[in-house]
Amino acid sequence: MDAAAYDAWYDTPRGRWIGETEFALAARLLATAPGSGLLDVGCGTGWFTRRFAAMGLRVTGLDPNPAWLDYARHHSGPAIDWMEGDARNLPFAQASFDNVVSIAALCFIDDERTPLAEIVRVTRRRFAVGWLNRASLLYRQKAGRGAYAGARWHTAAEVHALFDGLPVRHLTIRSAVFLPGGGAAAQVLEPLLPGRLPYGALLIAAGEPARPH
């Protein structure tokens, strides 16, 4: 799938509902303040990156795909910085960003622990990292197909285990998009289902780096 087709999916009714629901969960877990710096790791076409920038944050999007970064640049304002880079070796010093986010990007990278450790390293305040959920309805419908081809799907327990030994504190895991069809019933039920239920299509692990003062 090319960048334009991928981004266009978010303009469909289902795509927009899923994207906005996932974004709302990530933004809530990050609890950012206007003017804070944010890094989006694996930003792709920048769909989520642009929304964080619209919150008044100083945003940098990083991705290894130059074609998708070109698309992101041409579909955003000058306030966002776009960088080509590898999530397994982030080109930033420790605690460079107030917040770091990554939405369903690490599940396409071999050895997810390495980029996860890098995300924790460059975070000053809070991080929020999203994975595709193997205990979800979406997994039964879409695993191995389309944009999900090659992705690894995890349960909440597996996501929690990825953080074992990393210097983090106050780690929480929440999920969203329980009924990925995005129809009227999904939109009514989504706000009623608690994010603690580990069955949403997207699992987000959020927390803080634990560093000595």
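The values are calculated or read from the model by the stated rules, or taken from the named source; none is laboratory data. Not measured: the values here are computed from a predicted model. As a convention, Cβ positions derive from the backbone with ideal geometry for all residues, glycine included, and neighbour counts pool all protein chains shown.
There is no residue in region 30-40 that is hydroxyl-bearing (S, T, Y) and surrounded by fewer than 17 Cβ atoms within 10 Å (Cβ to Cβ).
Looking across region 124-155 at every residue that is aromatic (F, W, Y) and not in a helix (DSSP H, G or I), the one that is farthest from P180 (Cα to Cα) is identified as F127. Residues in region 86-119 that are surrounded by fewer than 19 Cβ atoms within 10 Å (Cβ to Cβ), outside any helix (DSSP H, G or I) and not aliphatic (A, V, I, L, M): D86, P91, F92, Q94, S96, D110, D111.
When L38 is tested against the conditions (1) closer than 20 Å to R125 by Cβ; (2) of a type outside the set (D, E, K, R); (3) in a helix (DSSP H, G or I); (4) touching a residue at least 40 places away in the same chain (Cβ under 8 Å), the lone failure is (3). Applying the condition of being β-branched (V, I, T) and buried (at least 18 other Cβ atoms within 10 Å of the Cβ) to region 170-213 and asking which residue is nearest to T12 (Cα to Cα) yields V177. Of the residues in region 55-74, how many are touching a Cys at 6+ places or on another chain (Cβ under 8 Å) and assigned to a loop (DSSP other than H, G, I, E, B)? The total comes to 0. Please enumerate the residues belonging to region 149-161 that are loosely packed, with under 14 Cβ neighbours inside 10 Å and either charged (D, E, K, R) or modelled with pLDDT under 95 (or both). Within region 149-161, A149, G150 qualify. Of the residues in region 140-160, at least one is more than 30 Å from R211 (Cβ to Cβ) and hydroxyl-bearing (S, T, Y). Summed over region 138-170, residues that are among the hydroxyl-bearing types (S, T, Y), free of Cβ contacts under 8 Å to residues at least 24 places away in the same chain and farther than 25 Å from Y6 by Cβ total 0. Residue pairs, Cβ under 8 Å, 6 or more apart or interchain, first in region 6-30 and touching a residue at least 12 places away in the same chain (Cβ under 8 Å), second among the acidic types (D, E). List them. The qualifying pairs are T21/E190. Taken as a whole, the structure leaves A135 outside the set of residues that are farther than 24 Å from M1 by Cα, at pLDDT 95 or above, touching a helix residue (DSSP H, G or I) at 6+ places or on another chain (Cβ under 9 Å) and surrounded by fewer than 16 Cβ atoms within 10 Å (Cβ to Cβ).
In the set (1) assigned to a helix (DSSP H, G or I); (2) surrounded by fewer than 22 Cβ atoms within 10 Å (Cβ to Cβ), D164 fails one condition alone, (1). Scanning region 60-82 for residues that are within 21 Å of W131 (Cα to Cα) and surrounded by 20 or more Cβ atoms within 10 Å (Cβ to Cβ) yields a total of 5.
When region 45-54 is filtered for residues that are assigned to a loop (DSSP other than H, G, I, E, B) and surrounded by 23 or more Cβ atoms within 10 Å (Cβ to Cβ), the ones remaining, listed by number, are T45, G46.
Being out of contact with any helix residue (DSSP H, G or I) (no Cβ under 8 Å at 6 or more places or on another chain) and of a type outside the set (G, A, S) is the filter here, so list the residues in region 140-158 that pass it. R140, Q141, R145, T155, E158 - these are the residues of region 140-158 that are out of contact with any helix residue (DSSP H, G or I) (no Cβ under 8 Å at 6 or more places or on another chain) and of a type outside the set (G, A, S).
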